[in-house]
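**Q** Got a structure here, written out as structure tokens. Questions coming.
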Amino acid sequence: MTEASANELSAVDRCKQAAAEAAVAQLDDGIVVGLGSGSTATFAIAAMGKRVAAEGLRIIGIPTSEKSAAHARRAGIPLTTLGEHPRIDVTIDGADEVELGTLNLIKGGGGDLLREKIVAVASARMIIVVDESKLGDRLGRHFAVPVEVEPFGWQSTRERLKKLGGDPKLRLAPDGRTFVTDGGHYILDIAFGPIASSAELDAKLNSVVGVIEHGLFIGLASQVIVGGANGIRMLFRESARA
């Protein structure tokens, strides 16, 4: 996504941009930053680039996708790897759905969930930026759960996943071919409907052979910054305040 002036953005994108800029304003000098993927993360990367150029902010980024890496390079953000910096100070990323109270998430609509979760787990803090439409009392009301699977025998994996409920759908690319992640895997999107316990579903998905990773992010977000028609509000996971 190219940077656009405020009057060229939709109302939703203006909310995303405001939330992303509020997150980037929290960054301190000299830290390692996880760079999320997707449209909201693109706004955050652009805001980081502005601080780097205007203020001389010294940060190094670890991107969660090839697209994020390309955006960061264009924004003038130096990049590094988890091999060189296995502990990340803070990650800024978006989400497809946020559960109020727990701040559990569904992520992976863009297909980068494996790298996003690896970076999230390596981070001391994870700040999620969303517009207010992404909030809800239960995960799964509006978004399917992406499940990244090994291509070998994926049909067999799909049959095992069916036993958990829902109907796994193989994700396709815009050209109609099977979507392939940066890691070379397939994605099965499973619409469970409202999820009674995202923690229990997380454990069940983790037990299925052939599953590489899935889009339930449980207990990883320490803060959610929400952009809405009435401005910015910040939500915190209680255990993250300590």
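The values are calculated or read from the model by the stated rules, or taken from the named source; none is laboratory data. What you are looking at is a predicted structure, and each value in this text was computed from that prediction instead of being measured. A quick note on method: Cβ atoms are made from the backbone with ideal geometry, for glycine too, and the neighbour counts reach across all protein chains shown.
**Q** Go through the stretch 37-62 and report how many residues are under 24 Å from L114 (Cβ atoms) and in contact with a helix residue (DSSP H, G or I) (Cβ under 9 Å, 6 or more places away or on another chain).
**A** 13
**Q** Looking at (1) in contact (Cβ under 8 Å) with a residue 12 or more places away in the chain; (2) assigned to a helix (DSSP H, G or I); (3) farther than 20 Å from A120 by Cβ, find the lone condition where A72 falls short.
**A** A72 satisfies every listed condition except (3).
**Q** In this structure, is V209 among the β-branched types (V, I, T) and surrounded by 12 or more Cβ atoms within 10 Å (Cβ to Cβ)?
**A** The answer is no for V209.
**Q** Pull out all pairs, ordered by first then second residue, where Cβ-Cβ is under 8 Å, the residues are six or more apart or on different chains, the first lies in the stretch 14-35 and is assigned by TED's automatic domain parsing to the domain that holds K67, and the second is basic (K, R).
**A** V24/R51; L27/R51; D29/R58; G30/R58; V32/R87
**Q** Name the one entry in V98, V147, V119, V90 that is more than 30 Å from Q17 (Cβ to Cβ) and at pLDDT 95 or above.
**A** After ruling out the rest, the residue left standing is V147.
**Q** Of everything in the stretch 124-145, what is closer than 14 Å to F217 by Cα and crowded, with 22+ Cβ neighbours inside 10 Å? Give them in sequence order.
**A** Hits for the stretch 124-145 are M126, I127, I128, L139, G140, A144, V145.
**Q** Looking at the stretch 107-166 only, could you name the residues that are of a type in the set (A, V, I, L, M, F, W, C) and touching a helix residue (DSSP H, G or I) at 6+ places or on another chain (Cβ under 6 Å)?
**A** M126, I127, V129, L139, V149, L164
**Q** Right, another one. Please identify the pairs in which a residue from the stretch 203-226 that is closer than 19 Å to G183 by Cβ has its Cβ atom under 7 Å from the Cβ atom of a residue that is among the acidic types (D, E) and part of a helix (DSSP H, G or I), counting only partners at least 6 apart or on another chain.
**A** Pairs found: L216/D202.
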